[in-house]
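Structure first, commentary second.
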Amino acid sequence: GECNSPVNCLWDHWSLWSECTVACGTGGSQLRTRGFNPPASGNGSPCLGPSSEQRICNDHECAIECQVSEWSIYSECTVPCGTGTQSRSRQIMVSPSSGLTCPSLSESLSCNTEACSNSPIPSPQPPSSPCFLSEWTGWTLCTVAGSGACNAFVEGVQTRSRILCDHSESFQSQSCLLDCTISPTASTTVTSSPSPSSTSSGVSPNNHLLEDEAAGVPVWAWIVIG
């Protein structure tokens, strides 16, 4: 009768794909299945084909996540009172792939929040100057002393020194001029009485030490007897 009529098998819809077995890299797969609706009966035709399918998934290269070090200890507070800050930091150990970010690398918090007293905080004093163990020596001779004709524009140097506490030596120097006197006139005329020892040439064998008024230094001059 009708109860023995054959029923052909029909496939039901495929299920959704399962979650991939890996997030990235290789070896990942996912699966889906389907059942009979209805199954074959009464010499009906069976369902042909697989009841499950599998496929590769997430085979892309894995992204590199940022990796950071442990936190450092907190720094000292920036002020002894009146609310300051102290901070800590950490470093990147593994840089992330492009598009990925790292967590915060620094943190800070408030510290020493108590009010400061009215007493003034002493300001730091500058270091004291080095002491001296000795008095200054006398000035050395000028470097141009006795170096030729008198010239008020010839400048030399003279120095003096003293010993410091750390046994080093401190020096001072100053400019100096040739010590000489420039005569007030442009020339000098010297006369002499005839000498019994005058020679026939009219030149006295006696010479005289004069001052050259143009140069301002002693020179030797012969006196011509008339």
* Asked: Do we have Leu109 as outside any loop (DSSP other than H, G, I, E, B), out of contact with any His (no Cβ under 7 Å at 6 or more places or on another chain), hydrophobic (A, V, I, L, M, F, W, C) and open to solvent by less than 70 Å² (accessible area, probe 1.4 Å) here?
  -> yes
* Structure fact -> Scanning the range 67-105 for residues that are part of a loop (DSSP other than H, G, I, E, B), within 30 Å of Asn118 (Cβ to Cβ), open to solvent by less than 60 Å² (accessible area, probe 1.4 Å) and among the hydroxyl-bearing types (Ser, Thr, Tyr) gives Ser75
* Subset of the range 40-65 that is open to solvent by 100 Å² or more (accessible area, probe 1.4 Å) and assigned to a strand (DSSP E or B) - its residue that is farthest from Val22 (Cα to Cα) -> Gln54
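Are any residues in the range 140-176 modelled with pLDDT of 75 or more and either open to solvent by less than 70 Å² (accessible area, probe 1.4 Å) or outside any loop (DSSP other than H, G, I, E, B) (or both), and if so, which ones? Even if it seems obvious, please write down each step before you answer.
Pass one, the range 140-176, residues modelled with pLDDT of 75 or more: 140-143, 156-163, 173, 176.
Result: Thr140, Cys142, Gly156, Val157, Gln158, Thr159, Arg160, Ser161, Arg162, Ile163, Ser173, Cys176.
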* Structure fact -> Contact list, first residue from the range 45-70 and touching a residue at least 24 places away in the same chain (Cβ under 8 Å), second anywhere and open to solvent by 100 Å² or more (accessible area, probe 1.4 Å) and among the β-branched types (Val, Ile, Thr), beta-carbon distance below 9 Å, six or more apart or interchain, is Ile56/Thr26; Asp59/Thr26; Cys66/Thr101
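Quick one: which residue in Arg88, Arg34 is charged (D, E, K, R) and within 30 Å of Ser5 (Cβ to Cβ)? So that I can check it myself, show each step before the final result.
Numbers: Arg88 fails: within 30 Å of Ser5 (Cβ to Cβ).
From the options Arg88, Arg34, the qualifying one is Arg34.
The values are calculated or read from the model by the stated rules, or taken from the named source; none is laboratory data. Quick caveat, the model's predicted, so the values are computed rather than measured. So basically every Cβ, Gly included, is an ideal-geometry build from the backbone, and we count neighbours across all protein chains shown. Quick note on the areas: whole protein, heavy atoms, side chains included, nothing else; ligands and nucleic acids left out. Shrake-Rupley method; radii C 1.70, N 1.55, O 1.52, S 1.80 Å.
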